[in-house]
Amino acid sequence: MRSVPLAEPGEIIHAYTRAQALADGVLVATDAELAREAGFRVPVALTSAVWEGCVAWNEGDSERQTPQNERGRLWDVLTMTRHAIRRSGGAGGRVTVDLRRVPRDGRTQQARPVQLVCTIGPGDRGEPVITIMEPHED
């Protein structure tokens, strides 16, 4: 019996692109100007889980918990990610980011530790891009 490959080696059957993930809301692009201010020279995106857990904030949250805003929370994520990248010395494509943030739970007022992961890899056209995600995401 002769085995027949399902696809030629290297042939892509289906690819979910970064552009599709951004359009679908799976990834959230950061404000390019703010990312540049934080020291990034390539596009940066966060997974929706990181956005919801570490960045998302509204006036109701500020009234119930502590005054904050999304721009400031995003700045914290970006600067701590940049710090983690520098600390790593550029070794490997995956860096652990330690961050303290006030959880969006309607009652907590003190920052709590959270661990994120930053990866640098090729975008849809092979360009370098950064993605910040939770440790269990890929």
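The values are calculated or read from the model by the stated rules, or taken from the named source; none is laboratory data. Note that the structure is a prediction, hence the values are computed from the model and not measured. Reconstructed Cβ throughout: ideal geometry from the backbone, glycine too, with neighbour counts over all protein chains shown.
So which residues in segment 60-72 are in contact (Cβ under 8 Å) with a residue 40 or more places away in the chain, surrounded by 15 or more Cβ atoms within 10 Å (Cβ to Cβ) and in a loop (DSSP other than H, G, I, E, B), if there are any at all?
The answer is 65, and nothing else.
Any residue at all in segment 70-80 that's of a type in the set (Gly, Ala, Ser) and touching a Lys or Arg at 6+ places or on another chain (Cβ under 8 Å)?
No, segment 70-80 contains no residue that is of a type in the set (Gly, Ala, Ser) and touching a Lys or Arg at 6+ places or on another chain (Cβ under 8 Å).
Please work out which residue is surrounded by the most Cβ atoms within 10 Å (Cβ to Cβ), limiting yourself to segment 112-130 and to residues that are in contact (Cβ under 8 Å) with a residue 60 or more places away in the chain, among the β-branched types (Val, Ile, Thr) and farther than 15 Å from residue 80 by Cβ.
Once the filter is applied, the top-ranked residue is 129.
Can you tell me which residues in segment 88-102 are under 23 Å from residue 66 (Cα atoms) and surrounded by fewer than 16 Cβ atoms within 10 Å (Cβ to Cβ)?
98, 100 - these are the residues of segment 88-102 that are under 23 Å from residue 66 (Cα atoms) and surrounded by fewer than 16 Cβ atoms within 10 Å (Cβ to Cβ).
Does residue 133 satisfy being of a type outside the set (S, T, N, Q), closer than 18 Å to residue 53 by Cβ and in contact with an Asp or Glu (Cβ under 8 Å, 6 or more places away or on another chain)?
no
Test residue 81 against the criterion of being modelled with pLDDT of 95 or more, closer than 19 Å to residue 36 by Cβ, hydroxyl-bearing (Ser, Thr, Tyr) and not in a loop (DSSP other than H, G, I, E, B), and give yes or no.
yes
Identify all residues within segment 35-48 that are surrounded by 15 or more Cβ atoms within 10 Å (Cβ to Cβ) and in a helix (DSSP H, G or I); write none if there are none.
35, 48
Of the residues 51, 57, 75, which is within 17 Å of the chain's Cα centre (by Cα), modelled with pLDDT of 95 or more and either β-branched (Val, Ile, Thr) or assigned to a loop (DSSP other than H, G, I, E, B) (or both)?
57
Looking only at segment 84-138, count every residue that is part of a loop (DSSP other than H, G, I, E, B) and hydroxyl-bearing (Ser, Thr, Tyr) and tell me the total.
1
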